[in-house]
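Remarks on the structure that follows.
The values are calculated or read from the model by the stated rules, or taken from the named source; none is laboratory data. On a predicted model such as this, the values are computed, not experimentally measured, just so you know. With ideal geometry, Cβ positions are generated from the backbone for all residues, glycine too; neighbour counts draw on all protein chains shown. For the accessible areas, the whole protein counts, side chains as well, though only heavy atoms, and no ligand, DNA or RNA atoms are used. Shrake-Rupley method; radii C 1.70, N 1.55, O 1.52, S 1.80 Å.
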Amino acid sequence: MRSFQERRGLRIDGICGPQTWGSLVEAGYQPGDRLLYHTSPPLRGDDVAELQRRLGALGFDAGRVDGIFGEDSQRAVLEFQRNAGLTGDAVCGPATLAALARVAARSEDPIPVADVRERETLRRSPRTLHGRRVVVGQTGGLDALTDAVVRALADTGALAIPLHHPDGSAQAQEANGVGADLYLGLAAAETGCSTAYYAAHDFESSGGRRLAECIQEEVPVVLGIDRRQPSGMAIPVLRETRMPAVVCEMGPPSALVNRGAELAFAFSRALAHWVEVLDDV
């Protein structure tokens with residue numbers, strides 16, 4: 001179980017909870033097992049991720065490879081069908097899969113168009129936090145630190161929005177709903193400082209990874225601990241947000257209280273540095 005959780009970018013606890021069970025179900029779907037189309041709630045599975053990967057490699061923007069058949073995937077399937085001379089119904093069935101197989105990308109390691117789009121969007125964005133919509137979320141127990149980070153970001157001119165909700169999917173939905181430019185999640189840990197960004201199905205958020213690196217350059221210094229390399233994960237709030245997103249877990253809890261103001265400014269510096277180095281994404 002722990003090995004499966006590690007491979008899927010889940011929290012490694014050896015317990016088959018709702019997220020692990022959902023991932024087990026998704027892993028059972030392979031291309032061709034079922035028709036893929038946009039519905040509510042959206043279809044999820046490894047077959048969807050493979051479809052997104054194939055479309056993205058051919059230049060059809062199905063969004064990030066997250067295994068969730070959303071509106072981006074629907075538009076990409078429809079666009080591909082029209083270009084391939086198929087019936088344009090935005091449903092991926094046998095005929096669409098066969099056409100995809102015939103025109104498979106020749107490159108052994110093609111760059112998904114969603115990755116190219118994210119990089120270009122970030123590179124063209126202003127090199128300041130001023131006017132950027134930043135969501136700062138926490139799932140419980142870090143209200144004071146979250147509010148301190150929001151105030152520190154507001155001092156830079158950012159439009160900082162606090163979210164206090166125990167469910168990561170609900171936070172992702174709210175962040176998407178307000179059109180956030182980036183999401184910063186805060187969580188308490190027994191000790192240490194680790195920062196995660198979205199990565200799964202051989203895809204990663206370039207902007208999220210660079211943001212995680214910037215945070216790891218600043219926050220561990222305040223806590224007086226060694227820096228760690230960021231890690232790619234597929235927990236709901238990282239998987240379901242549509243913008244660069246990270247979750248930083250810190251501890252011990254007493255340090256988060258005693259050094260709250262210092263930590264708030266550390267996060268502010270990290271985000272300010274992130275927008276300055278977006279050319280390196």
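Tabulated values for the structure
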item	result
Hull-based mean projected area of the stretch 24-89, where the convex hull spans the alpha carbons, in square nanometres	4.2 nm²
Among beta bridges that DSSP assigns inside the chain, antiparallel share in %, nearest 5	35 percent
Average Cα contact separation per residue, the chain, under 8 Å, 6 or more apart, as relative contact order %	18 percent
Three-way shape call for the stretch 115-239 based on the alpha-carbon gyration tensor, with the a/c threshold at 1.5	rounded
Of Ile15, Phe203, Ala144, farthest towards positive along the dipole that unit charges on Lys, Arg, Asp, Glu beta carbons give the chain	Phe203
Global form of the stretch 1-126, assessed from the alpha-carbon gyration tensor, a/c cut-off 1.5	oblate
Heavy-atom accessible area per residue - the stretch 208-266, 1.4 Å, Å²	41 Å²
Over the stretch 225-281: Rg over Rh, Cα atoms, Kirkwood Rh	1.00
Carbon and sulfur %, accessible surface of the chain computed with the full protein complex present, 1.4 Å	49 percent
Principal semi-axes in Å for the stretch 168-267 [√(5λ), Cα gyration tensor, largest first]	23, 15, 12
Loop sites in the stretch 52-138: trypsin sites (Lys or Arg not before Pro), DSSP, at most 16 other Cβ within 10 Å	Arg106, Arg127
Given 10 as the ceiling on other Cβ atoms within 10 Å, longest exposed-site-free region of the chain for GluC sites (Glu not before Pro) in DSSP loops	1-107
